[in-house]
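Every read-out reported here was derived from the displayed coordinates using simple, explicitly stated rules and does not represent laboratory data. Since the model is a prediction, treat every value here as computed from it, not as a measurement. We place every Cβ from the backbone using ideal geometry, glycine too, and count neighbours over all the protein chains shown.
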């Protein structure tokens, strides 16, 4: 199971020609976990002709590419003064408009090769399919440039319960005025609905100049409506949780068998109904023990020794 470390940027585009330079610059700026993203658009059945459908049945290589990796040598790390061990992940972002498209099922094995799986829903039908758990998804990228859908609080909360995270990219705010307005509106809505939980901030950088320092990103997040703590968590704790949940989802559910032996004195033992009752008992036990120790300390402070009393050679105190 892979784990994220330090500050994270979970979206560096693989399409740019300076991919290695972008990764090295991100690491030199202070990020330790990087995800190289590849965008894939699945064709719908209406737009795809008979030839495209026939080609898709023969092989899935043209639809889902092989994950892109970047090899960093010790000389590269030394040249950019990178001392911490980097964590480089692979990510795929899938855009589609037809929820009944068979390409998701056909490309399932190729999609599982990636460490992170993200989806860009482009209408209400695909948004509902992604958020209700009908397909495996780690990150939902809500890019409001061309998408036409309506976000509901119930769908967002159901996605949060399944440990799905929502992505807000900051590089479109730098390069496009219209995208900046849309992303600000989206981030404020997510902040009000999700209470700054399950929100991650990524660069979506297509070149090294789009990258910013982690603390500059924290300032941008505050401009987008997040608090200082939530802004730091968006590139830290929340990103770590997203990577951990993605890794756990890849491994699947683990099951084990436990043998329980009933003690003959079971009636005298303390019985609990679920883990919560046991935790409450432990908290009350610790609280009572702490109060008892505080009372003992208070009693010790009240005891005073009268030094005026004399003791004779026989050890008897004379009053």
Practice task
Can you pull the one-decimal nm distance between simple spin-label points at residue 197 and residue 176, each 7 Å off the Cα toward Cβ?
Solution key: 3.1
Exercise for the section: Taking the Cβ of each residue in 126, 41, 97 as the centre, tally the other Cβ atoms inside 10 Å and list the residues starting with the fewest. Expected result: 41, 97, 126
Fill in the blank from the handout: With 0.36 nm assigned to each residue of separation and the Cα-Cα distance removed, residue 108 to residue 44 gains 21.4 nm
Fill in the blank from the handout: Under the 7 Å Cα-to-Cβ spin-label approximation, residue 279 and residue 81 lie apart by a distance in nanometres of 4.5
Exercise for the section: Order by neighbour count: 284, 44, 141, 196, fewest other Cβ atoms within 10 Å first, most last. Expected result: 284, 44, 196, 141
Exercise for the section: Fewest Cβ neighbours within 10 Å first, please rank 194, 256, 221 accordingly. Expected result: 256, 194, 221
Problem - Whole-Å semi-axes of the ellipsoid equivalent to the stretch 7-251 (Cα gyration tensor, √5λ, descending) - result: 28, 23, 16
Completion exercise
Residue span residue 161 to residue 2: 0.36 nm per residue of separation minus Cα-Cα distance leaves a gain in nm of 55.0 nm
Completion exercise
With 0.36 nm assigned to each residue of separation and the Cα-Cα distance removed, residue 74 to residue 28 gains 15.2 nm
Exercise for the section: Could I have the simple spin-label model distance between residue 152 and residue 216, label points 7 Å from Cα toward Cβ, reported in nm to one decimal? Expected result: 4.1
